[in-house]
Amino acid sequence: MKRVLICGSNGLLGQRLSMMLSAQTEFEVLNTSMERSFVFDDRLYDYTQLDITRRGDVRSLVSSFQPTVIMNAAAATNVDWCESHRDEAWKINVTGVENLVEASRKVGARLIHVSTDYVFDGRTGPYREDAAPNPLGYYGKTKLASENAIRGAQIPHAIVRTMILYGTGVNVKPSFPLWVISSLRAGQRIRVVDDQYGNPTHVADLAMAMVRIFEQNREGTYHVSGRQLVQRHEFAVRIAELFGLDAGLIDRISTSDLQQPAPRPMQSGFITLKAETELGMRFMDMDQGLRMLKRELQLTQRN
Ligand SMILES: NC(=O)c1ccc[n+]([C@@H]2O[C@H](COP(=O)([O-])OP(=O)(O)OC[C@H]3O[C@@H](n4cnc5c(N)ncnc54)[C@H](OP(=O)(O)O)[C@@H]3O)[C@@H](O)[C@H]2O)c1
């Protein structure tokens, strides 16, 4: 039986991977994350606490579980926090990944790792996989360093870059659409930038692409995102329209108005042709992703 080790299984992506893979009887799945307990019922799912920055713990868990594949969804994902907590960000996003690389090599496991459009400077998007990276901020630098650590290690691997990830999950940090929805539902005015471009990505597409990469033994770098390049303010307005909320509460601003600690890639976006062609998928466009989100939220609220 193929054994799958998921790191960061309490996060947005990790939860989705866990649900998808655990539903398939041909896989034995071990979920791991920072916290003592799993967000899902651990009588139904196998879960062990694992901090990927703890080299000895990673080594011993991997050598006892002997995974066929390690799927790494663990990361420090708050880009502004990374800018001001550089040592901690490096430890999680680079040292943690180096620990996974070392452990993968020892047991001959494949590593499927998730990276970001923040490895690019956002001057010439949308980007293909072979575009030259040039991260602007510290988060992007750590993610690029983790990519390089994996590529240089000569282990079987895939690096899946994604961006503007959203979806539902238990106790996850609210993604952009959920922030828009909850703010507008509360009647609050929000300010949204109209000078950033990217492809919003429903987490179901990302998780499915990673499962296909594993099942099809694919290696290399893949850009996995929604198929539509969208300006952020337009995205917010469409969210309001599809959820029956007041788009008049959304004010247009520029990125510079926000004075955020970390710089953002402005003209980002991915060309997803390689991933869609090789994996046999058609990623969701903006409306398809938002409709799926709406159905999932309705289901969560009903239960
Ligand atoms: N979200 C986006 O818009 C986006 C965009 C581009 C790329 N990505 C990439 O996609 C991947 C998944 O992102 P996500 O949105 O699912 O992130 P997320 O919801 O923040 O989940 C990350 C998970 O990793 C855990 N974690 C942090 N440090 C850890 C450690 N040392 N050991 C084990 N687990 C640790 C976190 O636990 P705590 O919550 O307790 O810290 C969290 O449960 C990441 O690689 C991220 O860089 C995300």
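The values are calculated or read from the model by the stated rules, or taken from the named source; none is laboratory data. Being a predicted model, the structure only gives us computed values, none of them experimental. All Cβ positions, glycine included, derive from the backbone under ideal geometry; neighbour counts span all protein chains shown.
Tell me, which helices (runs of 4 or more DSSP H) wholly within the range 222-291 include 1 or more residues that are among the aromatic types (Phe, Trp, Tyr)? Walk me through how you get there before you give the answer.
Working: elements: 232-242, 255-258, 273-279.
Once the helices (runs of 4 or more DSSP H) in the range 222-291 are filtered for at least 1 residues that are among the aromatic types (Phe, Trp, Tyr), what remains is 232-242.
State whether the residues of the range 65-81 include one that is closer than 22 Å to Val172 by Cβ, part of a helix (DSSP H, G or I) and of a type outside the set (Asp, Glu). Lay out the reasoning, then the answer.
We begin by selecting, within the range 65-81, every residue closer than 22 Å to Val172 by Cβ; these are 70-81.
Adding the requirement that they be part of a helix (DSSP H, G or I) leaves 79-81.
Going one step further and asking which of them are of a type outside the set (Asp, Glu), we end up with 79, 81.
Within the range 65-81, one or more residues are closer than 22 Å to Val172 by Cβ, part of a helix (DSSP H, G or I) and of a type outside the set (Asp, Glu).
Asp57: outside any helix (DSSP H, G or I) and either away from the ligand (no atom under 13 Å from the Cβ) or over 20 Å from Asn217 (Cα atoms) (or both), yes or no? I'd like the intermediate steps shown before the answer.
Working: outside any helix (DSSP H, G or I): no; either away from the ligand (no atom under 13 Å from the Cβ) or over 20 Å from Asn217 (Cα atoms) (or both): yes.
For Asp57, the condition - outside any helix (DSSP H, G or I) and either away from the ligand (no atom under 13 Å from the Cβ) or over 20 Å from Asn217 (Cα atoms) (or both) - is not met.
Working only within the range 277-296, note down all residues that are in contact (Cβ under 8 Å) with a residue 24 or more places away in the chain, surrounded by fewer than 16 Cβ atoms within 10 Å (Cβ to Cβ) and more than 27 Å from Glu215 (Cα to Cα).
Asp287, Arg291
Would you call Val69 in contact with a strand residue (DSSP E or B) (Cβ under 9 Å, 6 or more places away or on another chain), farther than 20 Å from Thr32 by Cβ and at pLDDT 95 or above?
Details: in contact with a strand residue (DSSP E or B) (Cβ under 9 Å, 6 or more places away or on another chain): yes; farther than 20 Å from Thr32 by Cβ: no; at pLDDT 95 or above: yes.
So Val69 does not fit the description; no.
Can you name the residue in the range 6-54 that is part of a helix (DSSP H, G or I) and among the hydroxyl-bearing types (Ser, Thr, Tyr) and, of all such residues, is nearest to the ligand (Cβ to nearest atom)?
If we filter the range 6-54 for residues that are part of a helix (DSSP H, G or I), which is where we start, we get 12-22.
Now drop any that are not among the hydroxyl-bearing types (Ser, Thr, Tyr), which leaves 18, 22.
Values: Ser18: 11, Ser22: 17 Å.
Here the residue is Ser18.
Are any residues in the range 164-199 assigned to a loop (DSSP other than H, G, I, E, B), more than 9 Å from the ligand (Cβ to nearest atom) and within 17 Å of Gly122 (Cβ to Cβ), and if so, which ones?
Once the filter is applied, which keeps residues that are assigned to a loop (DSSP other than H, G, I, E, B), more than 9 Å from the ligand (Cβ to nearest atom) and within 17 Å of Gly122 (Cβ to Cβ), the range 164-199 yields Asp194, Asp195, Gln196, Asn199.
Mind checking which residues of the range 232-265 are of a type in the set (Val, Ile, Thr) and under 22 Å from the mean Cα position of the chain (by Cα)?
Applying the first criterion (of a type in the set (Val, Ile, Thr)) to the range 232-265 yields 237, 239, 250, 253, 255.
The answer is Ile239, and nothing else.
Take the residues in the range 151-185 that are among the small types (Gly, Ala, Ser) and without any contact (Cβ under 8 Å) to a residue 60 or more places away in the chain, then tell me which one is farthest from Ile92 (Cα to Cα).
The first filter runs over the range 151-185 and keeps only residues among the small types (Gly, Ala, Ser), leaving 152-153, 158, 167, 169, 175, 182-183.
Now drop any that are not without any contact (Cβ under 8 Å) to a residue 60 or more places away in the chain, which leaves 152-153, 182.
On the way: Gly152: 19, Ala153: 18, Ser182: 30 Å.
Here the answer is Ser182.
Go over the candidates Val203, Val160, Val193 one by one and state the one that is among the aliphatic types (A, V, I, L, M) and more than 14 Å from the chain's Cα centre (by Cα). Don't jump to the end; show me each part of the working.
On the way: Val203 fails: more than 14 Å from the chain's Cα centre (by Cα); Val160 fails: more than 14 Å from the chain's Cα centre (by Cα).
Selected residue: Val193, the only one of Val203, Val160, Val193 that is among the aliphatic types (A, V, I, L, M) and more than 14 Å from the chain's Cα centre (by Cα).
Tell me, please, whether a residue that is touching a residue at least 24 places away in the same chain (Cβ under 8 Å), of a type in the set (Gly, Ala, Ser) and near the ligand (Cβ under 10 Å from one of its atoms) can be found in the range 111-126.
First, the residues of the range 111-126 that are touching a residue at least 24 places away in the same chain (Cβ under 8 Å): 111-126.
Adding the requirement that they be of a type in the set (Gly, Ala, Ser) leaves 115, 122, 125.
When the remaining residues are screened for being near the ligand (Cβ under 10 Å from one of its atoms), the result is 115.
Yes, because at least one residue in the range 111-126 is touching a residue at least 24 places away in the same chain (Cβ under 8 Å), of a type in the set (Gly, Ala, Ser) and near the ligand (Cβ under 10 Å from one of its atoms).
Considering each residue of the range 68-107, count those that are surrounded by fewer than 16 Cβ atoms within 10 Å (Cβ to Cβ) and more than 11 Å from the ligand (Cβ to nearest atom), and give that number.
Final tally of qualifying residues: 7.
Which residue pairs have Cβ atoms closer than 6 Å, lie 6 or more positions apart in sequence or on different chains, and pair a first residue in the range 134-150 that is closer than 16 Å to Ala73 by Cβ and modelled with pLDDT of 95 or more with a second residue that is away from the ligand (no atom under 13 Å from the Cβ) and not in a helix (DSSP H, G or I)?
Cβ pairs passing all conditions: Ile150/His157.
Residues being closer than 15 Å to Phe243 by Cβ and acidic (Asp, Glu): count how many of those fall in the range 267-303.
Summing the residues that are closer than 15 Å to Phe243 by Cβ and acidic (Asp, Glu) in the range 267-303 gives 2.
Scan (1) assigned to a strand (DSSP E or B); (2) within 15 Å of the ligand (Cβ to nearest atom) for the single condition Arg3 breaks and write down its number.
The single condition Arg3 does not satisfy is (2).
Quick check on my filter: what residues within the range 249-275 are surrounded by 18 or more Cβ atoms within 10 Å (Cβ to Cβ) and either farther than 26 Å from Ile181 by Cα or of a type in the set (Asp, Glu) (or both)?
Matches in the range 249-275: Ile271, Thr272, Ala275.
Quick check on my filter: what residues within the range 58-67 are buried (at least 17 other Cβ atoms within 10 Å of the Cβ) and of a type outside the set (A, V, I, L, M)?
Phe65, Pro67
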